[in-house]
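Structure, as structure tokens:
The values are calculated or read from the model by the stated rules, or taken from the named source; none is laboratory data. Keep in mind it's a predicted model, so treat the numbers as computed, not measured. No Cβ is skipped: glycine too gets one built from the backbone with ideal geometry, and neighbour counts run over all protein chains shown. The area values use the complete protein model at the heavy-atom level, side chains included, leaving out ligands, DNA and RNA. Shrake-Rupley method; radii C 1.70, N 1.55, O 1.52, S 1.80 Å.
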Amino acid sequence: MKIGIICYPTYGGSGVVATELGKALASVGHEVHFITYTQPPRLDFFSENIFYHEVSVASYPLFEYLPYESALASKMVDVTINEQLDLIHVHYAIPHASAAYLAKQILKYKGIHVPVITTLHGTDITLVGRDPSFEPVVTFSINESDGVTAVSESLKNDTYSSFEILSNIEVIPNFIDLERFKKQPKEHFKLAICPHGEKLLIHTSNFRKVKRIEDIIQVFAKVQKQIPSKLLLVGDGPERTAIEVLCRELGVQADVRFLGKLDTIEEALSLADLFLLTSEKESFGLSALEAMACEVPVISSNAGGITEVNIHGETGFVSEIGDVEDMAKNAIAILSDPVLHAAMKKNALERAKLFDIKKILPLYEKYYEKIVGQSWRFPNPSLLENDTEIED
Ligand code: GMT
């Protein structure tokens, strides 16, 4: 199949899911065309089946806001025609789903029907998408998609309860490449960071408000009072300065290290004893899954789909959002009990195996076949030569 993938070229979240999905599809012989405004970070190698099409937006003094959505729709039209795409798969509804709708309508005028699948990832539904400035467009473009998937049951339910959705939403959970995310022997690094045998806690994210990183610092400060420990913060984002201030206020700044946007997250995860994820909203929690694949138990909030990944009392512990006392108590329980810690490490890996890319990729392929099978397509060459004819 020839598949167009539209995503944000981000270090985490939907961008990573889209990129890893495209790579996996290419590895089993599909031709994958990424369409986005810059090269996704995990797309830094050559593959005969992977193509990258950059969206550039012409600037003009009139434009206070650059019309990215129009440029993206135009690029989707161009790539669909010239590469003869069978399918467009957009990740994160805003503005990708509505741009895809526009592209689809333009292609229809050229006698080409290309099905569009929208994958909902999280804040496009639970936060930004609900805003009245986006809601009508999000609802419309989800309903107009030929197929819609959500990354967790929780996100599917949130979508039905927040928007008037008429179509079926298929849950296809996020996944992990277990060949990449596995515990690596990095004892020398651990010794450098924790020279006196301290425990190592870790968090990775985009440092947005929704992650409640202040709770992570509070939990860490409480843990540290009882168990000598260090905290690694991987990633970067708007809350960075506020977090640094809080670290100083709580007197833990010397034991907290900011590592920035690491490409090799699995190396840092391999050193850790515990992963913290205190989010207010989290449709899935891919970062927790990455930690679990590296045998790191998770202390988390119960936001959204996290409980579909982190199982309370098995792979870690789950607390109410904001309950830092309970989170600290649970963290201390794991870190001070080697038998419990070892069992949870093992359970975390076993649970991560359920989300192996090798298990999830066929679900996407089957869904693609279903959606493409429901559509008719390409092309009436005479219509391609004559743009004015309309095929219904
Ligand atoms: O807001 C973010 O954290 C980024 C966002 C994204 O779309 O890039 O992440 C969402 O998608 C991830 C991949 O499907 C999920 O693992 C995250 O849980 C989800 N984030 C939120 O729901 C806050």
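Below, the figures for the structure above:
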{"read-out": "Selection from region 76-110 of residues that are of a type in the set (Phe, Trp, Tyr) and either away from the ligand (no atom under 16 Å from the Cβ) or open to solvent by less than 20 Å² (accessible area, probe 1.4 Å) (or both)", "value": "TYR101, TYR109"}
{"read-out": "Hits in region 256-306 - residues which are closer than 16 Å to GLY12 by Cα, part of a loop (DSSP other than H, G, I, E, B), free of Cβ contacts under 8 Å to residues at least 60 places away in the same chain and open to solvent by 10 Å² or more (accessible area, probe 1.4 Å)", "value": "LEU262, THR264"}
{"read-out": "Strands (runs of 3 or more DSSP E) wholly inside region 30-112 that include at least 1 residues being on the phi < 0 side of the Ramachandran plot and of a type in the set (Ser, Thr, Tyr)", "value": "31-36, 50-54"}
{"read-out": "Options VAL137, VAL128; residue that is in a helix (DSSP H, G or I), assigned by TED's automatic domain parsing to the domain that holds LEU166 and among the aliphatic types (A, V, I, L, M)", "value": "VAL137"}
{"read-out": "Residue in region 18-27 that is within 15 Å of the chain's Cα centre (by Cα) and farther than 16 Å from ARG180 by Cβ present", "value": "yes"}
{"read-out": "Lone unmet requirement of (1) free of Cβ contacts under 8 Å to residues at least 40 places away in the same chain; (2) within 11 Å of the ligand (Cβ to nearest atom) for LEU120", "value": "(1)"}
{"read-out": "Some residue of region 139-160 being of a type in the set (A, V, I, L, M, F, W, C), touching a Gly at 6+ places or on another chain (Cβ under 8 Å), within 12 Å of the ligand (Cβ to nearest atom) and over 20 Å from LEU276 (Cα atoms)", "value": "yes"}
